[in-house]
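What follows is calculated from the coordinates using simple rules that are stated; it is not laboratory data. Here the structure is a predicted model, which is why all the values come from computation and not from measurement. Glycine also receives a Cβ, built like all others from the backbone with ideal geometry; neighbour counts cover every protein chain displayed.
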Amino acid sequence: MTSADLTADATRRPFTGRRLRFGDAVLQVVAGAAALAVTVLVGLIVWKVFEQAWPAIQKYGLAFITRVAWNPVLGRELYGAGSFLFGTVVTSLGALLLAAPLAMGIALFLTELAPKALRGPVTALVETLAAIPSVVLGLWGILVLGPVLRSTVEPWLHSAFGFIPLFGEPSSAGASMFTAIIVLTIMILPIVSSISRELFLGVPHDLKEGALALGTTRWEMVRGVIFPYSSGGIAAALILGLGRALGEAIAVTQVIGGGVSIQWNLFAGGDSLASKIAASYQGATSNLETASLIYLGAILLVFSLIVNVVAQWIVRRSARKHGITRGGHA
Amino acid sequence: MSAQGLTGPNLRHDRLPRRRAVNRLMETLAWIAAAIAVGILGVVIFSVARHALPALNFNLITKDPIQFSLTNAPQGLRNAFVGTIVIVGIATLMALPVGILVAIYLNEFAPASIRNAVTMVLDVLNGVPAIVIGIFVFGLFVVGRGQSGFAGSFALACLMVPLVSRSTMEILALVPNSLREASLGLGVPHWRTTLSIVLPQSVGGILTGTVLAVARVAGETAPLLFTSSLVGTQTSWNPQHALQTIPVAIFELSESPDPADHARAWAAALVLLLFILFTSLGARWLANRNRSKLAAR
């Protein structure tokens, strides 16, 4: 092969090269369009939800958010989100309070305590819990769990802690905010515990072993090393769990019992934002009621956006911090 | 990093019995927590199975429900099974290409800033409550046109896209860069490297991600309530009309006062639960196998 041939070959290159780059451009544009479409979709969701809620937003303004009312009688229509906001906050915070320690325990069990033979199966079982559809959990909640809570747990809590208003007289229906809290706890437990488990697995061994070498017990090591090291991630996991609990509609609708009033009694019925939408949408009698229901959805959407963005901000910040810490240890 | 509690006074030797007792208590509590989680799973599956078995027979998938039935004629939920297959099938066809393309773009083409931003968008989309997705699709397709299976599929696809993208991105990141470099070094253009070298390596992972997403949305009720729930009792394969689905059927039957309806709800719940458990456990098993295969390279 002479140098002339090589030069000729080199001059031909750009032609084939351009065709090749054309293929690159096509794939990049098509794939990029998909990414753009997903981004636009999120914007479209926000716009469409607020557009549909607009008649109610226009009529009631921000006073809607705190007003406790839901009266669909034509001519005397008055709607407000107050009691549903209350129901949402009580049920999801209640679920978070129950799920947080349980999830920490599960994650510590899976990373620190469990014998090797149990680790894999129990991890799989906990994740299987997340796979149970909410409607099945709701069916179980209303037909099995609710009656049990109503006949045993609620009266017991009432008689033992009745002096606290939260543990008031159990309702006769077997559907209550308390049942909803338990069902939500079951739903968010696997999420929080599997994220925490991954966080705990990421704690450097030299830190853990260093603490144990100082003579700490296992629990002191957990408190002194694992928890501080993963605190940011745990917060994010809890917030993500909270987001899941806020938005769950179906299972909560099935077990919460319904009602439009603020009652500081966990054993009374109520409604959350999401459950009110699911329960009333098919029976909505006027356009204003539909718009008001969607206003509830808009509040829910804003909640979930805030919750998610905050959780991710925490995750990113703690990832950055740990990147530096890890570099320091290497 | 602070190491709370690991300072001298707290580690005193004379407090050792107390410290050991606290440690034992905490370890026991962690065991109990794990036992509670496994126990709940067992109780839920057991009670669904116990209530479902008496009602479980072939009528469930071969017979349609009867509206306002006054006799004891056997009823099933054939329409719901058919509807779920149609709606979830179409949703998968919508979400799969989009989800994979998004992942390809983010992993193979996008600069870091765009990758971070769109990944965040995917996570936000994943966090939007299913019922809000239902409201969105209701406003987009249902108002003025009526409910349809397509609208239901679109709603489920919105839930599937972030799941498929995230799992595809994870598996694309596992494909060794040496493979890409070898292919590019041989003069294979970027797009062909992506489509015929990188993608085939990740087929297994993409498949498991898709199966997990299918298992997740097959049980979704809330988005379908707005988009495909006002239905008759006839079986239909036509997604231009509203179709009944298993989750919506369970939801409606569970609110009914008739115990016979509850029995059918339990039976449908067991079928749905078994489908979801088998597919998601199977997918996880496949994923672990794939991952260790890719990692061993």
Diffusion constant of the protein assembly as shown at 10 °C, which comes from Stokes-Einstein with the Kirkwood Cα-pair radius and 1.306 mPa s, µm²/s = 60
Chain B: C-alpha pair distances exceeding 27 Å, % = 57
Proximal aspartates and glutamates to residue A:59, defined as alpha-carbon separation beneath 13 angstrom and excluding residues fewer than eight positions away on the same chain = A:77, A:289
inquiry  = What is the sum of charges, Lys and Arg at +1 and Asp and Glu at -1, for the other residues whose Cβ falls under 14 Å from the Cβ of residue B:120?
reply    = +3
note = All alpha-carbon distances of the stretch B:146-194, grouped into 5 Å bins from 0, give the whole-percent distribution 4, 18, 15, 13, 12, 11, 9, 8, 6, 3, 1
ask   = So what's the net charge close to residue A:31: Lys and Arg +1, Asp and Glu -1, counting the other residues with Cβ under 13 Å from its Cβ?
value = -1
note = For the stretch A:207-330, the dipole about the Cα centre with charges only on Cβ (Lys and Arg +1, Asp and Glu -1), to the nearest 20 debye, works out at 680
Linear extension gain, residue B:256 paired with residue B:277, 0.36 nm per residue minus alpha-carbon span = 4.9 nm
message = Helix A:116-131 against the longest principal axis of chain A: what's the angle in degrees, Cα atoms only, rounded to the nearest 10?
response = 70
remark   = If one compares the long axis through the Cα atoms of helix A:177-201 with the longest principal axis of the Cα atoms of chain A, the angle in degrees, nearest 10, works out at 20
query = For residue A:51 and residue B:62, what does the FRET efficiency come to when R0 = 45 Å and r is the distance between their Cβ atoms, rounded to the nearest 0.05?
reply = 0.55
task = Please give the net charge around residue A:277, taking every other residue with its beta carbon less than 14 angstrom from that of residue A:277, where Lys and Arg add +1 and Asp and Glu add -1.
result = -2
ask   = List the aspartates and glutamates whose alpha-carbon lies under 18 Å from that of residue A:208, not counting same-chain residues fewer than 8 positions away?
value = A:112, A:198, A:220, B:27
key: Dimensions (Å) - the stretch A:211-330, Cα atoms, principal axes, largest first   = 68, 31, 20
ask   = Helix by helix, which DSSP H runs in chain B go 20 Å or more along their axis at the Cα atoms and have an average Kyte-Doolittle hydropathy of -0.5 or more?
value = B:16-52, B:78-104, B:112-127, B:149-174, B:203-218, B:259-296
remark   = the stretch B:203-256 and the stretch A:117-165 have their Cα centres apart by a whole-number Å value of 25
ask   = Of A:280, A:196, how do they rank once you tally other Cβ atoms within 10 Å and put the fewest first?
value = A:280, A:196
query = What are the radius of gyration and Dmax of the stretch A:82-329, computed over its Cα atoms and given in Å?
reply = 20.4, 69
task = Give the Kirkwood hydrodynamic radius (Å, one decimal) of the stretch B:13-55, defined as one over the mean of 1/r across all pairs of different Cα atoms.
result = 12.9
note = For residue A:68, placing the label point 7 angstrom along Cα-to-beta-carbon and taking the stretch A:248-290, residues whose amide nitrogen sits under 11 Å are A:260-265
query = Can you sort B:105, A:229 by how many other beta carbons sit within 10 Å, fewest first?
reply = A:229, B:105
query = Taking the Cα atoms only, what angle lies between the long axis of helix A:82-108 and the longest principal axis of chain A, rounded to 10 degrees?
reply = 60
query = Among B:119, B:28, what is the fewest-to-most ranking by other Cβ atoms within 10 Å?
reply = B:28, B:119
message = Given an 8 Å cut-off on Cα distances and at least 6 residues of separation, report the relative contact order of chain A as a percent.
response = 25
message = Apply the Karplus curve 6.51 cos²θ - 1.76 cosθ + 1.60, θ = phi - 60°, to the phi angles in the stretch A:229-238 and return the couplings in whole Hz, x for Gly and Pro.
response = 5, 10, 4, x, x, 4, 4, 5, 4, 5
request  = Could you tell me the convex hull volume per residue, in Å³, taken over the Cα atoms of the stretch A:40-109?
outcome  = 134
message = Under 5 Å between amide hydrogens, which residues at least 5 positions from residue B:235 or on another chain qualify, with H placed 1.01 Å from N in the peptide plane?
response = none
ask   = Can you work out ³J(HN,Hα) from phi for every residue in the stretch B:190-195, in order, using Karplus 6.51 cos²θ - 1.76 cosθ + 1.60 and θ = phi - 60°, giving whole Hz and x for Gly and Pro?
value = 4, 5, 6, 4, 5, 7
